[in-house]
Amino acid sequence: MTIFPELPEMPAGFVWGAATAAYQIEGAVAEDGRGESIWDVFCRRPGAVAGAESGAVACDSYHRWRDDVELLAGLGVDAYRFSVAWPRVLPAGGGAINQPGLDHYDRLVDALCERGIRPFVTLYHWDLPQALEDRGGWRVRDTSERFADYAAVVAGRLGDRVRDWITLNEPYCSAIVGYAEGRHAPGATEGHGALAAAHHLLVGHGQAVAAIRAASPRARVGITLNLSPAVPAGDTEADRAAADRMDLLVNRQFTDPVLGGGYPAGLEQLFAGVSDLSFRRDGDLALIGTPLDFLGVNYYYRIHAADVPVEQRDPALRSASDIGVRPAPRDGVPTTDLGWPIEPWGLHDTLAELAGRYPALPPVYVTENGVAQVSDGHTEDLDRIHFIAGHLAAAARAAAETTVDLRGYFYWSLLDNFEWARGYAPRFGLVHVDYPTGTRTPRASYRWLSEQLSGRTRIGGTPAGVGRGEEGR
Ligand code: IFM
């Protein structure tokens, strides 16, 4: 007999959700006036994406969005986190608004509200309009300003029904993976440019917070950061120092300024050979540290950091080894099919560390957490059920033991989808997608979660009642 785990007790008003992102599910890249994004261009670069795949069709959610809303309703979640594709709304990045693009999201939001599902809208999940990349992309400050303009347009149109806004998803990946490592679009391998991108993403975030609040005074605005506790691979001084460097690069470069504390001590030294940081301007930190209504945390794994000797480092920031760190496999720790260590307690530690380090930490949502399998036929996914239950237990423990005000959990992802440079092989979905036909088939994990969630009172949102359960907390 199979024993299925139960969901843990969560704080009152806890939001249960599932997440996706535009380029990973929508397809329809040349429809209804959408402009090109950096991912359309990057996917055409030989060798950039496994199997030379792209998001051109993906899950075809641009056409099948009604099916996806029904899947969410059947799952019984309170909320759906999706992203808006900037190049659908402003094909050239700025200037003329493409109304058919905005109409798509308008219909989606209406359908969610009709089903009592609260929309959490991410404005930037990596699909920068190529027209802006051609003018320097995130390396230049103008892109931050264009981002705030775009945020105002979307909030102006959807803000009467959408209350929860996420400015950026994982700026670490946009900046460091996209502009230093070159594994993601735009595929640049620069040091200074990547650090400029990180800074301009955060400036754009601060500007967008103000723009969203101006366009929709009832908005609640946050940012989503991917956080990975960095722990020493071995019990040596060198590995401990490597873990500290990794923590600065991945986590604190973003959490410290966003949560109002400015850039952390040690960061300038870490980047000494890479950049003069001349892109920073007076007033930027105040903007970046604008108080938020919530913080989104994406947790997937801990990093086991091993030291790389100085003579083997290249001061270019093209990989973690350039700051002297090698992610090391850990004996006895199981890994996902992507090789990511499965350590649910890392989610507890992430939340506990946030609570301990930042006295003014706003409410927190886990905006992504999930596991991929690479076997297409894997629909009786008991391992995914245990993954979710284990991570939720860790999150519940953090909520009970620390001051973290944990408000929700979004599983990544509702659907199998385009996993960026790895193409379609990794499957993260509660719902299996047969890409040739677009057919969606709920997995065992979907059935389990929906059973666990049934019988609760939904707290999600009609236009008037968004977030009822959370109101006043
Ligand atoms: O698929 C991605 C998502 O776009 C951002 N966070 C991590 C996920 C899994 O790699």
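The values are calculated or read from the model by the stated rules, or taken from the named source; none is laboratory data. Worth saying up front: this structure is predicted, and the values here are computed from it rather than measured. Every residue, glycine among them, receives a Cβ derived from its backbone with ideal geometry; neighbour counts consider all protein chains shown. Surface areas here come from the heavy atoms of the whole protein model, side chains and all, with no ligands, DNA or RNA. Shrake-Rupley method; radii C 1.70, N 1.55, O 1.52, S 1.80 Å.
Looking only at residues in the stretch 1-18 that are β-branched (Val, Ile, Thr) and in a loop (DSSP other than H, G, I, E, B), the one that is modelled with the highest pLDDT is ILE3. Looking at the stretch 370-391, is at least one residue polar (S, T, N, Q) and away from the ligand (no atom under 16 Å from the Cβ)? Checked against the condition, which is being polar (S, T, N, Q) and away from the ligand (no atom under 16 Å from the Cβ), the stretch 370-391 yields at least one hit. Within the stretch 442-462, one or more residues are open to solvent by less than 10 Å² (accessible area, probe 1.4 Å), of a type in the set (S, T, N, Q), at pLDDT 95 or above and in contact with a Lys or Arg (Cβ under 8 Å, 6 or more places away or on another chain). All but one of (1) open to solvent by 20 Å² or more (accessible area, probe 1.4 Å); (2) more than 27 Å from GLY136 (Cα to Cα) hold for ALA272, so report the exception by its number. Here ALA272 meets the rest and fails (2). Selection over the stretch 364-375 of residues that are assigned to a loop (DSSP other than H, G, I, E, B), buried (at least 19 other Cβ atoms within 10 Å of the Cβ) and among the hydrophobic types (A, V, I, L, M, F, W, C) gives a count of 2.
Considering only residues in the stretch 164-187 that are open to solvent by less than 10 Å² (accessible area, probe 1.4 Å) and more than 16 Å from the ligand (Cβ to nearest atom), the one that is nearest to the chain's Cα centre (by Cα) turns out to be TRP165.
Any residue at all in the stretch 293-308 that is within 23 Å of the chain's Cα centre (by Cα), closer than 17 Å to PRO171 by Cα and of a type in the set (D, E, K, R)? No: the stretch 293-308 contains no residue that is within 23 Å of the chain's Cα centre (by Cα), closer than 17 Å to PRO171 by Cα and of a type in the set (D, E, K, R).
For the stretch 240-269: of the residues being assigned to a loop (DSSP other than H, G, I, E, B) and either farther than 18 Å from ILE223 by Cα or without any contact (Cβ under 8 Å) to a residue 12 or more places away in the chain (or both), which is least open to solvent (accessible area, probe 1.4 Å)? Selected residue: PRO264. Please specify each residue of the stretch 399-424 satisfying the condition of being within 22 Å of SER83 (Cα to Cα) and out of contact with any strand residue (DSSP E or B) (no Cβ under 9 Å at 6 or more places or on another chain). Those that are within 22 Å of SER83 (Cα to Cα) and out of contact with any strand residue (DSSP E or B) (no Cβ under 9 Å at 6 or more places or on another chain): PHE418, TRP420, ALA421, ARG422, GLY423. Just one of ASP284, ASP314 is among the acidic types (Asp, Glu) and without any contact (Cβ under 8 Å) to a residue 24 or more places away in the chain; which is it? ASP314 is the lone residue from the list that is among the acidic types (Asp, Glu) and without any contact (Cβ under 8 Å) to a residue 24 or more places away in the chain.
So which of ASP314, ASP381, ASP307 is open to solvent by less than 50 Å² (accessible area, probe 1.4 Å), closer than 23 Å to LEU267 by Cα and of a type in the set (Asp, Glu)? Unique residue meeting the criteria: ASP307. If the condition is being in a loop (DSSP other than H, G, I, E, B), in contact (Cβ under 8 Å) with a residue 40 or more places away in the chain and open to solvent by 20 Å² or more (accessible area, probe 1.4 Å), then the stretch 339-356 contributes TRP340, ILE342, PRO344.
Residues of the stretch 290-345 that are of a type in the set (A, V, I, L, M), within 16 Å of the ligand (Cβ to nearest atom) and under 29 Å from GLY260 (Cα atoms): LEU295, VAL297, ILE303. Within the stretch 41-62, the set of residues being in contact with an Asp or Glu (Cβ under 9 Å, 6 or more places away or on another chain) and away from the ligand (no atom under 16 Å from the Cβ) comprises VAL41, ALA56, ASP60, TYR62. Listed by position, the helices (runs of 4 or more DSSP H) enclosed by the stretch 121-227 that each have at least 1 residues that are among the acidic types (Asp, Glu) and on the phi < 0 side of the Ramachandran plot are 130-133, 141-158. Taking the condition open to solvent by 30 Å² or more (accessible area, probe 1.4 Å), closer than 24 Å to GLY339 by Cβ and among the hydroxyl-bearing types (Ser, Thr, Tyr), does TYR301 pass? Judged against the criteria, TYR301 is a match. For first residues located in the stretch 403-415 and within 16 Å of the ligand (Cβ to nearest atom), partners that are of a type in the set (Lys, Arg) and lie 6+ apart or on another chain with Cβ distances below 6 Å form the pairs PHE410/ARG81. Within the stretch 110-120, the residues that satisfy the criterion of being more than 16 Å from the ligand (Cβ to nearest atom), crowded, with 23+ Cβ neighbours inside 10 Å and outside any loop (DSSP other than H, G, I, E, B) are LEU112, ARG118, PRO119. The listed residues are LEU392, LEU361, and the only one of them that is touching a strand residue (DSSP E or B) at 6+ places or on another chain (Cβ under 8 Å) and part of a loop (DSSP other than H, G, I, E, B) turns out to be LEU361.
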